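See below for the structure under consideration.
The values are calculated or read from the model by the stated rules, or taken from the named source; none is laboratory data. Model, not experiment: these values are computed from the prediction. Every residue, glycine as well, gets a Cβ built from its backbone with ideal geometry; the counts of neighbours run over all protein chains shown. These accessible areas exclude ligands, DNA and RNA; they are computed on the full protein's heavy atoms, side chains included. Shrake-Rupley method; radii C 1.70, N 1.55, O 1.52, S 1.80 Å.
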Amino acid sequence: GSCGGCEAGETCVEGACGGGAECDDLECFLDGAIYVSDASGNYDIWKGLGDQPEVLTSSNDDDFFPRWSRDRSRIAYVREKSKGKQIWLMNPDGTEQKKLVYFSDLCDAVPFSSCNQPTNFTWAGDSTYLVFQVDDTKNDGNSTFVRVDVPSGATLVFHTVDAKVKGG
């Protein structure tokens, strides 16, 4: 059966986390793995490396860089649209897909005249926000870290690293 994304050592019953027999570590990994594939004609997010992988996104746009939330209740990913890259969220079964923020909004939030499209991000805290690394493309690799609140999409610049300053 499927673990439905249970952590190793958690238990699964009829494909859902809960009580019952413990999942085999490899089975849990295979069922909960998320990855990108172009098997459907464009790049989509898929879940499960076992016998029956399932496509979670199936838009006409390309989707990349899926990340499980710490509590495994959501998946954040990058969607590339004609208007630019965006961060999207969805439930583990692919439902409730919604745009959180445009990458251009992250660049607008930082004190750089030119920045990259950030793809380096992680879930933080209690899965209520994401943290992005935004790099200055004109100033020797300075970086700023931007926090994005998941419920509201609000951005907050909270740390800038001057690449010219070397630790000792």
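At a glance:
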read-out	value
Candidate set: segment 1-41, residues that are more than 18 Å from Arg74 (Cβ to Cβ) and either at pLDDT 90 or above or of a type in the set (D, E, K, R) (or both); chosen: the one most open to solvent (accessible area, probe 1.4 Å)	Glu14
Within segment 101-116, considering residues that are buried (at least 18 other Cβ atoms within 10 Å of the Cβ) and not aromatic (Phe, Trp, Tyr), the one modelled with the highest pLDDT	Val101
Number of the condition not met by Asp140 [criteria: (1) modelled with pLDDT of 85 or more; (2) loosely packed, with under 12 Cβ neighbours inside 10 Å]	(1)
Residues of segment 70-79 classified as touching a Phe, Trp or Tyr at 6+ places or on another chain (Cβ under 7 Å) and open to solvent by 60 Å² or more (accessible area, probe 1.4 Å), total	1
Qualifying residue in segment 52-60 (condition: surrounded by fewer than 18 Cβ atoms within 10 Å (Cβ to Cβ) and either farther than 14 Å from Asp38 by Cα or among the basic types (Lys, Arg) (or both))	yes
